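Engineer: So that we are looking at the same thing, I have put the structure below in structure tokens.
The values are calculated or read from the model by the stated rules, or taken from the named source; none is laboratory data. Everything numeric here is computed off the predicted structure, so don't read it as measured data. Cβ placement follows ideal geometry from the backbone for every residue including glycine, while neighbour counts extend to all protein chains displayed.
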Amino acid sequence: MTDRQNKILSAIIEQYAEVAFPVGSTLLAKLFNVSPATIRFEMVELEKSGYLMQPHTSSGRIPTDKGYRHYVNSLGMSAPTNGISSGASRAINKRVQSGGIPERVIRNAVDTLVELTSNLGLATIGNQLYMSGISNLFGQPEFIQTAQVQEVARLLDNLEPWLKEAAPNEPLSVYIGTENPIGRSAGCSLIISRFYSPYSDNSYIGVLGPTRQSYRDVMEYVRKTGEALEGALYE
């Protein structure tokens, strides 16, 4: 992939996350100060390589799971992304640490992620699963088909045992679309952070949303909230 193609792919992913409509060449041509024909050529090349797809003949392009994976990998999975301000980071710490008792701290952390990302927030500690924001998830335009909703529900029903079995050990793990072992056709991304807890060796906090995500910010929100939750539980 050329440097320009990489930048075009990133621009399409970030724009699509905002508008939920296929991204056309005219907008990108202005952004990159080239002709729409040049952008269309690069789009075709990215489509041939499997990073983009064209939902309709006359429409723009949207990212594929492969395109999202390339983008997420380019962000780095463990290094800070600087996607949020120091003010937002302080607000996360304050909100999470104001809970008092452990259960309230955990619920505050999950609710914070729901508010920040407009996704479904979740945490699993031992045998306890905390979840909030289901209406956010099913309010996304991606989830209007009954079959897709059923796949999402299947993923949620099996999430806790799968996390126990898989035990992702990275500080931050991102499972995009078909990478999810459950609900592969749901069109969801699971962004989850493992953190240390005095209550369980396998503690996770994260979000579940459509593959159309503002990954840079959401990954950092999950990471920061996990750090805040870990600190609060050990106080």
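Engineer: Working only within segment 96-123, note down all residues that are modelled with pLDDT of 90 or more and hydroxyl-bearing (Ser, Thr, Tyr).
Structural biologist: THR112, THR117, SER118
Engineer: Determine whether LYS7 is surrounded by fewer than 16 Cβ atoms within 10 Å (Cβ to Cβ) and either in contact with a helix residue (DSSP H, G or I) (Cβ under 8 Å, 6 or more places away or on another chain) or in the same structural domain as SER189 (by TED's automatic domain parsing) (or both).
Structural biologist: Yes; evaluated as a whole, the condition is true for this residue.
Engineer: Condition first: assigned to a loop (DSSP other than H, G, I, E, B), under 16 Å from LYS7 (Cβ atoms), modelled with pLDDT of 90 or more and not aromatic (Phe, Trp, Tyr). Can you find one or more residues in segment 43-53 that meet it?
Structural biologist: Of all residues in segment 43-53, those assigned to a loop (DSSP other than H, G, I, E, B) come to 49-51.
Then keep just the ones that are under 16 Å from LYS7 (Cβ atoms); that gives 49, 51.
Among the residues that remain, those that are also modelled with pLDDT of 90 or more are: 49, 51.
Checking which are not aromatic (Phe, Trp, Tyr) leaves us with 49.
There is at least one residue in segment 43-53 that is assigned to a loop (DSSP other than H, G, I, E, B), under 16 Å from LYS7 (Cβ atoms), modelled with pLDDT of 90 or more and not aromatic (Phe, Trp, Tyr).
Engineer: Here's a follow-up. Taking the criterion of being of a type in the set (S, T, N, Q) and in contact (Cβ under 8 Å) with a residue 40 or more places away in the chain, would at least one residue in segment 50-71 satisfy it?
Structural biologist: Looking through segment 50-71, none of the residues is of a type in the set (S, T, N, Q) and in contact (Cβ under 8 Å) with a residue 40 or more places away in the chain.
Engineer: Check segment 77-95 and report whether any residue there is in the same structural domain as SER189 (by TED's automatic domain parsing), modelled with pLDDT of 85 or more, more than 19 Å from TYR234 (Cα to Cα) and not in a loop (DSSP other than H, G, I, E, B).
Structural biologist: no
Engineer: Mind counting the residues in segment 158-178 that are charged (D, E, K, R) and surrounded by 15 or more Cβ atoms within 10 Å (Cβ to Cβ)? I'd like the intermediate steps shown before the answer.
Structural biologist: Quick first cut of segment 158-178, residues charged (D, E, K, R) only: 160, 164-165, 170.
Subset that is surrounded by 15 or more Cβ atoms within 10 Å (Cβ to Cβ): 160.
Within segment 158-178, residues that are charged (D, E, K, R) and surrounded by 15 or more Cβ atoms within 10 Å (Cβ to Cβ) number 1.
Engineer: Out of everything in segment 34-49 that is over 24 Å from the mean Cα position of the chain (by Cα) and in contact (Cβ under 8 Å) with a residue 24 or more places away in the chain, what residue ends up being farthest from ALA186 (Cα to Cα)?
Structural biologist: My answer is ILE39.
Engineer: Go through segment 96-113 and report how many residues are in a helix (DSSP H, G or I), free of Cβ contacts under 8 Å to residues at least 60 places away in the same chain and either more than 16 Å from LYS224 (Cβ to Cβ) or not acidic (Asp, Glu) (or both). Steps first, answer last, please.
Structural biologist: Taking segment 96-113 first, the residues in a helix (DSSP H, G or I) are 96-97, 102-113.
Still in the running and free of Cβ contacts under 8 Å to residues at least 60 places away in the same chain: 103-104, 107-108, 111.
Okay, now just the ones that are also either more than 16 Å from LYS224 (Cβ to Cβ) or not acidic (Asp, Glu) (or both), so 103-104, 107-108.
Residues in segment 96-113 being in a helix (DSSP H, G or I), free of Cβ contacts under 8 Å to residues at least 60 places away in the same chain and either more than 16 Å from LYS224 (Cβ to Cβ) or not acidic (Asp, Glu) (or both): 4 in total.
Engineer: Under 10 Å from the mean Cα position of the chain (by Cα) and in the same structural domain as VAL105 (by TED's automatic domain parsing), is that true of VAL149?
Structural biologist: No; evaluated as a whole, the condition is false for this residue.
Engineer: Would you be able to tell me the number of residues in segment 184-219 that are more than 10 Å from the chain's Cα centre (by Cα) and buried (at least 20 other Cβ atoms within 10 Å of the Cβ)?
Structural biologist: Adding up the residues that qualify gives 9.
Engineer: Please work out which one of (1) over 20 Å from the mean Cα position of the chain (by Cα); (2) in a helix (DSSP H, G or I) is the condition SER58 fails and give its number.
Structural biologist: (2)
Engineer: Of all helices (runs of 4 or more DSSP H) completely enclosed by segment 119-235, which ones contain at least 2 residues that are among the β-branched types (Val, Ile, Thr)?
Structural biologist: It comes to 146-166, 215-233.
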